[in-house]
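Read the structure below first, then the notes.
The values are calculated or read from the model by the stated rules, or taken from the named source; none is laboratory data. Nothing here was measured: the structure is a model prediction, and the numbers come from that model. When we count neighbours, we look across all protein chains shown, and the Cβ atoms used for this are built from the backbone with ideal geometry, even at glycine.
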Amino acid sequence: MKRFKYHFEPKYGWMNDPNGLIYFKGKYHAFFQHNPKEPKWGPMHWGHAVSDDLIHWEELPIALRPDMYYENDGGCFSGSAVEKDGIMYLFYTSVSDRYGQAQSVATSEDGINFKKYEGNPIIKQPPCDGGKDFRDPKVAFIDGKYYMVVGSGKDGAGKVLLYKSKNLLDWEYIGVLYENRDFGKVFECPDFFKIGENYVLMFSKMIPDMNKTQFIIGDFYGERFYPKSFQSPENGPQFYAPQTFQDSDGRRILIAWFYNWEKKIDPKCTFAGALTVPREVKIYDGKIHLFPVEQAYNLLSREDKSVKVCRDKVIMRGSKLSHKLRYKGDVKSVHILRDEKALEVFINGGEVSYSYWI
């Protein structure tokens, strides 16, 4: 049973979406959706891993377990983390037969032991703009205010709903930040952040082409988001539910769920799911670029037996989906990260990338 060398995997059980990515008290923290009992979807917990360098990860005890009445019908779904006054706040979707999908919070002083807020759920039901799919709260401090975006959908249109707060516990609904029925009926794992003067909205599409993540660069004026540019820099088939955070150096870092949707799990396998190598998000000439963080530079190569590079195209082989993994355009540079089970290919400094299992 092969394991990755450079991509985090759980010791046992199932993992999917990365959650609560944060740099806290000298450590990088990556939480993740986790079923600790078997390598398939089940009652959701939050697994937890920490790192000093974003490459080598240590798995810690489970951070959140579905042990409250408001988590008795699905568990603790995806969410995010922020730090305020030296306290780590974990925001997550609690799923129960009473509330359905609601938003809850837990706090920690040490980043290891968490206490769930006695007033949970902090958002008990979706607004009239949303539907029963109401999940994946991403909280960020932008322009001096705390904002939360939540994925939802209604009447055939995917939506990102916007809230704001002064204390991280009491949340005021502002309205629909963005909606579009062309991108699917429900948007998952939204993220809203700022790079320089650019505001970026990111979400994953619940459509048959599940690997696609949408990035939108736009303007934001406190309550309204005005899209200017729609981009999908990642084109690989095994990349979903990315989340970003800012580290102590001011870098905007992205990690996604790395999983082969079409490969059946070997009955002998005791774990499933991984995280992509962390990437820094940058904007050049109005284009989103996703390129491995500096700590991973020594893992990159220029050539690989599964990658054929020409002046105007790059062809990636070794997968039954290889007919889709073809880039056409001006090829200025190609960087490749090969691991035991997968490739990540970055073209033109991450202007286009492909993540796939081989």
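Summary table below
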{"item": "Residue, surrounded by the most Cβ atoms within 10 Å (Cβ to Cβ), within the stretch 168-185, restricted to residues that are at pLDDT below 95 and closer than 19 Å to residue 93 by Cβ", "result": "184"}
{"item": "Residue 270 being under 30 Å from residue 148 (Cβ atoms), touching a residue at least 60 places away in the same chain (Cβ under 8 Å) and not small (Gly, Ala, Ser)", "result": "no"}
{"item": "Test: residue in the stretch 346-358 that is assigned to a loop (DSSP other than H, G, I, E, B), out of contact with any Ser or Thr (no Cβ under 8 Å at 6 or more places or on another chain), surrounded by fewer than 22 Cβ atoms within 10 Å (Cβ to Cβ) and at pLDDT below 95", "result": "no"}
{"item": "Number of the condition not met by residue 22 [criteria: (1) in contact with an Asp or Glu (Cβ under 9 Å, 6 or more places away or on another chain); (2) over 30 Å from residue 144 (Cα atoms); (3) not acidic (Asp, Glu)]", "result": "(2)"}
{"item": "Per-region count, the stretch 198-231, residues modelled with pLDDT of 95 or more and not in a strand (DSSP E or B)", "result": "0"}
{"item": "Test: residue in the stretch 27-45 that is at positive phi, outside any strand (DSSP E or B) and surrounded by fewer than 24 Cβ atoms within 10 Å (Cβ to Cβ)", "result": "no"}
{"item": "Residue identified as of a type in the set (S, T, N, Q), touching a residue at least 12 places away in the same chain (Cβ under 8 Å), touching a Phe, Trp or Tyr at 6+ places or on another chain (Cβ under 9 Å) and buried (at least 18 other Cβ atoms within 10 Å of the Cβ) among 165, 152", "result": "152"}
{"item": "Residue identified as surrounded by fewer than 21 Cβ atoms within 10 Å (Cβ to Cβ) and either at positive phi or in contact (Cβ under 8 Å) with a residue 12 or more places away in the chain (or both) among 191, 219", "result": "219"}
{"item": "Flag if residue 86 is on the phi > 0 side of the Ramachandran plot and touching an Asp or Glu at 6+ places or on another chain (Cβ under 8 Å)", "result": "yes"}
